[in-house]
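Worksheet: one structure, shown below.
The values are calculated or read from the model by the stated rules, or taken from the named source; none is laboratory data. Since the model is a prediction, treat every value here as computed from it, not as a measurement. Quick reminder, even Gly has a Cβ in these numbers, built from the backbone with ideal geometry, and neighbours come from all protein chains shown.
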């Protein structure tokens with residue numbers, strides 16, 4: 001066997017070609033420039049070059065800004081792709097940062113009140129670009145009514161602007177995030193010790209307004225207890241948006257407790273979760289929030305407080321036992337919480353408030369329980385798209401990185417939806433790792449003004465036509 005040198009350049013990331021083609025055909029570079037503005041004429045890279053460069057880096061498996069250096073040489077084969085150095089990538093991203101706003105928050109403390117300074121950075125230009133680009137790519141469509149999830153996630157970091165979490169365990173950021181399915185549509189960056197309710201109404205309103213500007217209809221908002229706020233609930237109801245929000249269970253809510261105790265319409269049911277079956281009673285009452293005028297539906301599920309209403313899902317229990325033996329499982333209560341069931345009188349109770357009068361109480365509870373899928377998206381963003389590795393020192397600069405990475409996630413989801421029409425083997429729910437190794441990694445060269453794929457398992461040429 002003889003070896004010989006070849007002057008043909010081959011890239012192992014041929015799957016980038018149809019992605020880049022679709023980005024350009026969808027007008028994403030022009031959209032980015034129109035939303036974020038143009039840099040000086042002498043600048044080598046525009047904002048569109050920077051965000052597309054990071055998107056391609058992420059879709060090749062990069063999680064840190066410096067990982068772009070791995071792909072500059074291998075991707076030279078791809079015509080029309082401009083990849084800057086990691087220093088330039090970071091420097092230009094930081095230019096997109098907007099001013100962080102300081103808000104004074106008064107909160108009770110040991111019978112008194114204290115004033116805390118909380119910090120928030122919404123970067124509306126970037127968030128508006130994110131939603132418009134996601135729609136332009138076809139991942140969000142007009143004429144469809146979507147459900148919007150809103151939740152906060154804690155990101156550990158010692159960057160400037162991070163604070164101790166409320167539990168005083170570690171420093172970090174606590175961004176509030178809006179998502180539609182597996183698409184991130186709004187990121188509001190907040191300091192780590194910000195209250196869960198901090199700026200949630202403003203975040204929701206801004207997100208809904210931008211979606212409305214783009215004719216994307218939201219039919220329902222689902223939130224955990226952070227959304228249980230009269231201003232939030234009244235705002236959503238006034239907008240004609242349905243909501244399903246976890247309501248707090250509090251011994252001091254005497255009126256609520258009395259209404260629940262007097263309710264005679266309890267119905268036996270079984271609620272199946274990912275981990276177990278809960279045999280419980282479910283019922284509902286009309287309830288006005290403190291200071292509220294309009295009554296809403298309060299759905300209540302209850303079971304004996306000794307836990308006799310819970311039966312384990314045997315197949316799931318077996319899997320978790322095996323993981324525990326291999327020391328791959330965190331503490332059960334930390335990694336797999338049993339749900340927000342609180343003791344109220346003689347029962348464990350879970351409460352949900354809603355203005356949806358069409359669905360049954362069981363349907364409302366099951367709908368709320370699907371929040372787990374939305375929370376899983378945080379795991380994807382942290383581990384697949386670099387959210388757990390904030391690259392900058394300042395909070396407002398990291399807000400830019402989070403939104404840029406959200407764009408990369410949305411591009412991947414849009415490409416999978418689009419390419420699946422030609423390549424049925426692609427999985428809509430695939431994680432980035434699967435997408436990289438099943439689609440992106442394929443050898444390609446540029447010969448005689450044509451791209452040549454080697455040992456490709458898919459028909460990439462059809463995607464380039």
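Working only within the range 443-465, note down all residues that are part of a strand (DSSP E or B) and either touching a strand residue (DSSP E or B) at 6+ places or on another chain (Cβ under 6 Å) or free of Cβ contacts under 8 Å to residues at least 12 places away in the same chain (or both).
443, 444, 445, 450, 451, 452, 453, 454
Name the single residue, out of those in the range 212-247 being in contact with a strand residue (DSSP E or B) (Cβ under 6 Å, 6 or more places away or on another chain) and in a helix (DSSP H, G or I), that is nearest to residue 149 (Cα to Cα).
227
I'd like to verify a number: residues in the range 68-78 that are touching a residue at least 40 places away in the same chain (Cβ under 8 Å) and either under 31 Å from the mean Cα position of the chain (by Cα) or crowded, with 17+ Cβ neighbours inside 10 Å (or both), how many?
The total comes to 5.
Residue-by-condition table, conditions (1) crowded, with 17+ Cβ neighbours inside 10 Å; (2) part of a loop (DSSP other than H, G, I, E, B); (3) outside the structural domain of residue 209 (by TED's automatic domain parsing):
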| site | (1), (2), (3) |
| --- | --- |
| 44 | no, yes, yes |
| 56 | yes, no, yes |
| 66 | no, no, yes |
| 132 | yes, no, no |
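Check 414, 399 and return the single one that is within 23 Å of the chain's Cα centre (by Cα), closer than 22 Å to residue 98 by Cα and crowded, with 20+ Cβ neighbours inside 10 Å. Please lay out each step first, then the result.
Values: 414 fails: closer than 22 Å to residue 98 by Cα.
So the residue among 414, 399 that is within 23 Å of the chain's Cα centre (by Cα), closer than 22 Å to residue 98 by Cα and crowded, with 20+ Cβ neighbours inside 10 Å is 399.
Answer yes if at least one residue in the range 395-404 is under 30 Å from residue 266 (Cα atoms) and out of contact with any strand residue (DSSP E or B) (no Cβ under 9 Å at 6 or more places or on another chain), and no otherwise.
Quick first cut of the range 395-404, residues under 30 Å from residue 266 (Cα atoms) only: none.
No.
Checking the conditions here, which among 425, 363, 367, 429 is part of a helix (DSSP H, G or I), surrounded by fewer than 22 Cβ atoms within 10 Å (Cβ to Cβ) and either free of Cβ contacts under 8 Å to residues at least 12 places away in the same chain or out of contact with any strand residue (DSSP E or B) (no Cβ under 7 Å at 6 or more places or on another chain) (or both)?
So the residue among 425, 363, 367, 429 that is part of a helix (DSSP H, G or I), surrounded by fewer than 22 Cβ atoms within 10 Å (Cβ to Cβ) and either free of Cβ contacts under 8 Å to residues at least 12 places away in the same chain or out of contact with any strand residue (DSSP E or B) (no Cβ under 7 Å at 6 or more places or on another chain) (or both) is 363.
Buried (at least 21 other Cβ atoms within 10 Å of the Cβ), in contact (Cβ under 8 Å) with a residue 24 or more places away in the chain and out of contact with any strand residue (DSSP E or B) (no Cβ under 8 Å at 6 or more places or on another chain), is that true of residue 407? Give the steps one after another, and end with the answer.
Values: buried (at least 21 other Cβ atoms within 10 Å of the Cβ): yes; in contact (Cβ under 8 Å) with a residue 24 or more places away in the chain: yes; out of contact with any strand residue (DSSP E or B) (no Cβ under 8 Å at 6 or more places or on another chain): yes.
Yes; evaluated as a whole, the condition is true for this residue.
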